[in-house]
Amino acid sequence: MLNVFTACPGLFYTTSAQDGILSRLRIPAGILNTEQLNLIANIAENYGGGYVDVTNRANLQIREIKQDIGIEVLNSLQELGLGSTNPRIDHIRNIMASPTAGIDTQELIDVRPLVRAWDQYITENSQLGELSAKFSVCFDGGGKFSVTNCLNDITLVASQTGEGCREEQKFFPTGEWGLDPVYFTLLICGSQFPKKFPSTGIYLKPAECIPVLAALAAVYLQHTEPRLHRKPRLREVITNLGWENYLQQVQDYLYEHHGNLFTKLHNKSLVDRQHKLTLLNSHSSQSRKLYHLGVHRQKQPGLVYIGVVLPLGRLYSWQIRGLVNLANQYGSGNIRLTPWQNLLITDICELDITEVKQEIRNLGLSYSAININSGLVSCSGKLGCAAAATDTKSHALTLGEYLESHVCLDSHINIHFSGCLKSCAQHHPGDITLLGVEIEAEHETLERYEVYLGEDNLPKFGRQIYENLPFEEIPQLLTKMLKVYQTNRVNSQESFRQFTNRYDIPELKQLFTAESI
């Protein structure tokens with residue numbers, strides 16, 4: 001292991017947690033083959049707690065490591081394409097992409113080549129390891145499942161020009177991209193700070209994406225002090241420089257290093273390309289993200305993929321091996337992790353889907369979007385993080401088992417456990433959020449929860465409805481809340497959030513108290 005300071009774990013930069021050492025595998029676009037998965041299962045079993053956790057960046061974490069992973073094992077991971085061949089950039093955040101890239105029936109462009117190209121670029125440029133470990137890039141192919149709402153420093157979203165945008169199409173030579181050319185719009189820190197960093201309005205051809213990313217990162221690096229332990233985030237650098245100043249420096253870098261490319265393509269400066277265009281094929285990731293669960297047709301004729309629910313993103317070694325056998329027997333030997341902590345098994349013949357469903361059930365897993373575990377989210381909790389006030393992961397697993405046996409859901413519910421105010425596991429309000437807190441009582445510290453109901457126009461957690469509840473009261477309370485919702489909603493199409501937003505907090509508390517369910 002490298003002895004380098006970083007708060008973010010990697011394969012070569014492990015981090016100590018409350019339950020042991022934590023190691024994280026960067027998996028660009030979340031795509032794994034079965035040989036890689038078998039090795040991961042062996043490492044989790046021989047060195048860790050016998051399981052892996054899928055993160056909200058489609059990484060894999062191996063937890064409860066009690067001894068150093070041997071150099072020969074690390075070499076095997078590198079040989080199989082897991083873990084960067086350049087340890088100096090291994091801690092940089094995973095490259096995120098549309099989980100259905102290359103198989104999506106609605107995508108505008110397959111972004112996997114861009115993911116590989118950017119991964120190769122940062123691997124070949126060790127100096128980027130001096131950036132904040134939280135530096136993150138995302139590619140969205142404009143398909144069925146948008147990842148634009150996932151938090152990233154830089155997001156490139158595939159779009160097309162529509163009617164009213166023909167002026168811009170002159171920069172795309174006829175026939176080069178088709179009748180409606182595909183381009184990428186550039187977003188900077190937009191999903192987390194929309195007021196501070198609105199959409200840039202800058203659009204790029206696919207061939208320009210990597211050079212522009214390189215320029216954005218290079219200017220960011222120029223304003224990062226290597227000796228600092230805590231490296232500034234990209235948004236902090238832009239705030240200090242000013243957006244126009246930052247963009248001008250990026251443009252200067254492009255002309256110095258890629259002048260011929262940009263002149264040849266359309267002789268249009270980066271700043272001059274800030275237009276508000278009509279975008280086609282845009283989707284809300286909040287409303288559509290769970291549609292990846294269950295069975296879906298691929299764009300390849302006769303093939304389907306199936307989205308599998310992972311309880312809190314956790315997979316045990318025996319389940320990994322079962323999925324490996326399934327993917328080899330019925331698919332192409334590939335499994336994809338999603339930023340929603342689930343996975344996809346791809347390239348399945350339509351005729352085999354009944355057998356595949358049964359195999360998934362045999363592994364103790366589900367593929368239904370209304371399964372309680374499809375919307376249950378938790379941070380690592382007190383056992384895995386010193387900042388957490390409560391044992392959120394264990395509590396969430398217990399709650400999931402309880403609700404599964406006490407409530408028959410017919411719609412998706414998002415329940416979010418957060419051990420502290422940072423809300424690491426989920427950055428948008430859940431339908432129900434359980435925030436862990438500590439209270440002092442008679443010379444002892446007690447674990448308690450505050451309960452919030454989601455509301456889109458309120459930050460982070462939403463409206464608080466209960467405070468300082470012990471976990472022992474939570475399962476019965478939430479069971480009652482969900483049954484009251486199902487009994488009193490306007491119709492089956494009314495979501496839990498729509499239902500709760502029709503009432504103020506006193507009215508809801510009266511409902512939840514008065515109803516005998």
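The values are calculated or read from the model by the stated rules, or taken from the named source; none is laboratory data. A quick note: this is a predicted structure, and the numbers were derived from the prediction, not measured. So basically every Cβ, Gly included, is an ideal-geometry build from the backbone, and we count neighbours across all protein chains shown. Just so you know, the surface numbers come from the protein's heavy atoms only, side chains and all, with ligands and any DNA or RNA stripped out. Shrake-Rupley method; radii C 1.70, N 1.55, O 1.52, S 1.80 Å.
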(request) Could you tell me whether Leu482 is within 22 Å of Ile372 (Cα to Cα), aliphatic (A, V, I, L, M) and either outside any strand (DSSP E or B) or open to solvent by less than 20 Å² (accessible area, probe 1.4 Å) (or both)? (result) yes
(request) Report yes if some residue within the range 345-368 is of a type in the set (S, T, N, Q), out of contact with any Leu (no Cβ under 6 Å at 6 or more places or on another chain), over 24 Å from Gly49 (Cβ atoms) and open to solvent by 50 Å² or more (accessible area, probe 1.4 Å); otherwise report no. (result) yes
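Is it the case, given these coordinates, that Gln498 is farther than 26 Å from Ala386 by Cα, of a type outside the set (A, V, I, L, M) and open to solvent by 50 Å² or more (accessible area, probe 1.4 Å)?
It is true that Gln498 is farther than 26 Å from Ala386 by Cα, of a type outside the set (A, V, I, L, M) and open to solvent by 50 Å² or more (accessible area, probe 1.4 Å).
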(request) Could you identify the single residue in Ser411, Ser380, Ser423 that is buried (at least 21 other Cβ atoms within 10 Å of the Cβ), of a type in the set (S, T, N, Q) and assigned to a loop (DSSP other than H, G, I, E, B)? (result) Ser380
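Looking at the range 319-337 only, could you name the residues that are open to solvent by 10 Å² or more (accessible area, probe 1.4 Å), touching a residue at least 60 places away in the same chain (Cβ under 8 Å) and either touching a Phe, Trp or Tyr at 6+ places or on another chain (Cβ under 9 Å) or not in a strand (DSSP E or B) (or both)?
Arg321, Asn328, Arg336
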(request) Identify all residues within the range 225-283 that are at pLDDT below 75 and at positive phi; write none if there are none. (result) Asn267, Asn281
(message) If I go through the range 46-88 residue by residue, how many of them are closer than 23 Å to Ser378 by Cα and either among the small types (Gly, Ala, Ser) or out of contact with any strand residue (DSSP E or B) (no Cβ under 7 Å at 6 or more places or on another chain) (or both)?
(response) 5
(request) Could you please let me know if Ala388 is over 19 Å from Met481 (Cβ atoms), in contact with a Lys or Arg (Cβ under 8 Å, 6 or more places away or on another chain), surrounded by 20 or more Cβ atoms within 10 Å (Cβ to Cβ) and small (Gly, Ala, Ser)? (result) yes
(request) Check off (1) under 18 Å from Tyr485 (Cα atoms); (2) out of contact with any strand residue (DSSP E or B) (no Cβ under 9 Å at 6 or more places or on another chain); (3) hydroxyl-bearing (Ser, Thr, Tyr) for Thr433 and give me the number that stays unchecked. (result) (2)
(request) Look at Asp110 and say whether it is buried (at least 24 other Cβ atoms within 10 Å of the Cβ) and of a type in the set (Asp, Glu). (result) no
(message) Anything in the range 487-512 that is small (Gly, Ala, Ser) and either touching a Lys or Arg at 6+ places or on another chain (Cβ under 7 Å) or over 18 Å from Thr433 (Cα atoms) (or both)? List them, or say none.
(response) Ser492
(message) Looking at Ile40 and the list (1) β-branched (Val, Ile, Thr); (2) over 22 Å from Ala425 (Cβ atoms); (3) at pLDDT 80 or above; (4) in contact with a helix residue (DSSP H, G or I) (Cβ under 7 Å, 6 or more places away or on another chain), which single condition is not satisfied?
(response) (2)
(request) Tally the residues that are touching a residue at least 12 places away in the same chain (Cβ under 8 Å) and farther than 24 Å from His296 by Cβ, restricting the search to the range 355-403. (result) 25
(request) Name the residue, out of Ile353, Ile345, that is on the phi < 0 side of the Ramachandran plot and in a helix (DSSP H, G or I). (result) Ile353
